[in-house]
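Each remark here refers to the structure printed beneath this line.
What follows draws every value from the coordinates through simple rules; no lab data is involved. None of the values given here were measured: they were computed from a predicted structure. Note that we place each Cβ from the backbone using ideal geometry, even for glycine, and neighbour counts take in every protein chain shown.
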Amino acid sequence: MKILVDADACPVKEEVYKVAWRHEVPVTIVSNSPIRIPVHPLLDRVVVSDGFDAADDWIAERADARSICITADILLADRCLKAGAVVIAPNGKPFTLSSIGAAIATRAIMADLRAGAVGDPIGGPPPFSKADRSRFLSSLDEALMRLKRGR
């Protein structure tokens, strides 16, 4: 088992470390620029080029049925799901094969609305909350337990 983190804008890295240490699962933090991580034998940091989707490509190429991917990127989530990985957003909501199509469609609609917005811009997601952090911890713990049991 392994955890792959799309880390550049991930607000739950510390939570990933704590859960991974408790379950003794290796974590790879993937980013376009160096990110400080704790020194620990289960933690690895990969810095990819600053090319478009370089971190996404690195993660998607290594995602498999024994992986948990942490990302807010809907298109990366889709790629990881297709590779058999479990995918969890930083707010704790899982991406699934049955929900990813709607998420991609909503993403496209919101991009179109933002592109055409005049005056009051259309905002992004709500601010990250304590409830999101708590939901994430629970979701990651449950996903690791499922993988340990063989799904």
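Ordering of 78-85, 48-55 by packing is 78-85, 48-55, highest average first (other Cβ atoms within 10 Å, averaged per residue). How far is helix 13-23 tilted, in degrees, relative to the longest principal axis of the Cα atoms in the chain, given as a value from 0 to 90 rounded to the nearest 10? Long axis of 13-23 versus the principal axis of the chain: about 30 degrees. Shown here for region 11-102: GluC sites (Glu not before Pro) in loop regions (DSSP other than H, G, I, E, B) with at most 11 other Cβ atoms within 10 Å, namely GLU24.
Put simply, the amide H of CYS10, placed in the peptide plane, has no neighbours under 5 Å, leaving out anything fewer than 5 places away on its chain. With contacts taken as Cα pairs under 8 Å and at least 6 residues apart, region 2-148 reaches a relative contact order of 21 percent. Rounded to the nearest 500, the helix-only mean residue ellipticity at 222 nm of the chain stands at -13500 deg cm²/dmol, with each DSSP H run of n ≥ 4 adding -39,500 (n - 2.57).
Express the Stokes-Einstein translational diffusion coefficient of the chain in µm² s⁻¹, to the nearest whole number, given a Kirkwood radius over alpha-carbon pairs, 25 °C and a viscosity of 0.890 mPa s.
In µm²/s, the coefficient is 153.
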